[in-house]
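The values are calculated or read from the model by the stated rules, or taken from the named source; none is laboratory data. Since the model is a prediction, treat every value here as computed from it, not as a measurement. Glycine also receives a Cβ, built like all others from the backbone with ideal geometry; neighbour counts cover every protein chain displayed. Remember, those area values only see protein heavy atoms, side chains included, never the ligands or the DNA or RNA. Shrake-Rupley method; radii C 1.70, N 1.55, O 1.52, S 1.80 Å.
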Amino acid sequence: MAAGGAGERIQFGISVVPLIERLDRNREMVRAADEAGLAFVGIQDHPYQRHFFDTWSLIPTLLGETKRVSFFTDVANLPLRPPAVMAKAAASLDVLSGGRFELGLGAGGIPDVIASFGGPRRTPGESVEALDEAIDVIRLLWSGERSVSFEGKHYRLSDARPGPLPAHPIGIWVGAFKPRMIRLVGRKADGWLPSLGVLSRDEMRAGNQQIDVSAEKAGRDPGSIRRLLNLQGLIGEGPAPARSELPVGYLAGEPLAGPADWWVETLAGFVDDGFDTLIFWPVDPVPDQVEAFARDVAPQLSSIRGS
């Protein structure tokens, strides 16, 4: 189904760090998420990171090993992924998996490293412009039209031939952290995908309000925009490792930690703030953490929220 907003039932997922040395462990975690009935698995996209598998190669591999769970890029690196080609890849994955792919999309937050890998070096303003154009390009490639054209500052299409059509309306979920990008979510995207630690809780509340205002100005229903949240942490009695002790790929800020009941109470607060999809990043990357989230946290939260 198309991406929805906070008016729909709460959904849950996990995000895994695509470390090469953790392939077997990540497979176990993804299998646990699939068997437990979680909705989503997110995989970050940093092509320049030598410790990581290529995300657009790893996702189809894992799609082939699962039956129910959907995958999304958390988030795709636009400067290193031409949007027309990315749209075709996304639609292909969606068709081949029976509708189990969503597109998390980012403007690229490390311009020097992106440039060193052959991508364009863009100013913050140019990054927003390029993302705005890319959403239009991607939707044109999913339109089902015989041919499409587009003339922008950063991207152009000339009598391009779309295909295949996605198996379902793929959501475009934008990883946005600054006001201009957040307003773009309200105007054009299907979802907002921030991360706790990169933004504070107060900043995320303000972001949800900005999206609502921007959507209304654009004549859109704010409730149609999915609000997803990445949260890293540990479920259990022990303390989480310090941020400095985590390997590459984890979020800024200290991980959350506490027993399942504490997680239920904490995540309920984020739902009250307007988030409808909660993505757990286990800092102890083992299937037991995924199973605890699916068994002890998600059902309780769904129950108290009437989902």
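Determine if segment 51-69 includes at least one residue that is basic (Lys, Arg) and in contact (Cβ under 8 Å) with a residue 12 or more places away in the chain.
Yes, there is a match, as at least one residue in segment 51-69 is basic (Lys, Arg) and in contact (Cβ under 8 Å) with a residue 12 or more places away in the chain.
Tell me, which residue of segment 63-76 that is out of contact with any Lys or Arg (no Cβ under 7 Å at 6 or more places or on another chain) and buried (at least 24 other Cβ atoms within 10 Å of the Cβ) is nearest to residue 174 (Cα to Cα)?
75
Of all residues being of a type in the set (D, E, K, R) and more than 25 Å from residue 128 (Cβ to Cβ) in segment 91-116, which is most open to solvent (accessible area, probe 1.4 Å)? Just the residue, please.
100
Looking at the structure I just gave you, is residue 116 over 20 Å from residue 28 (Cβ atoms) and among the polar types (S, T, N, Q)?
Here the answer is yes, as residue 116 does meet what is asked.
Check residue 119 against each of (1) in contact (Cβ under 8 Å) with a residue 60 or more places away in the chain; (2) in contact with a helix residue (DSSP H, G or I) (Cβ under 8 Å, 6 or more places away or on another chain); (3) assigned to a loop (DSSP other than H, G, I, E, B) and name the one condition it does not meet.
It is condition (1) that residue 119 fails.
On the given criteria, is residue 238 open to solvent by less than 10 Å² (accessible area, probe 1.4 Å) and without any contact (Cβ under 8 Å) to a residue 60 or more places away in the chain?
No.
Hey, can you tell me all the residues within segment 130-175 that are out of contact with any helix residue (DSSP H, G or I) (no Cβ under 8 Å at 6 or more places or on another chain), open to solvent by less than 20 Å² (accessible area, probe 1.4 Å) and in a loop (DSSP other than H, G, I, E, B)?
Within segment 130-175, 171, 175 qualify.
Name the residue, out of 194, 222, that is open to solvent by 10 Å² or more (accessible area, probe 1.4 Å), of a type outside the set (Gly, Ala, Ser), modelled with pLDDT of 95 or more and under 26 Å from residue 15 (Cα atoms).
So the residue among 194, 222 that is open to solvent by 10 Å² or more (accessible area, probe 1.4 Å), of a type outside the set (Gly, Ala, Ser), modelled with pLDDT of 95 or more and under 26 Å from residue 15 (Cα atoms) is 222.
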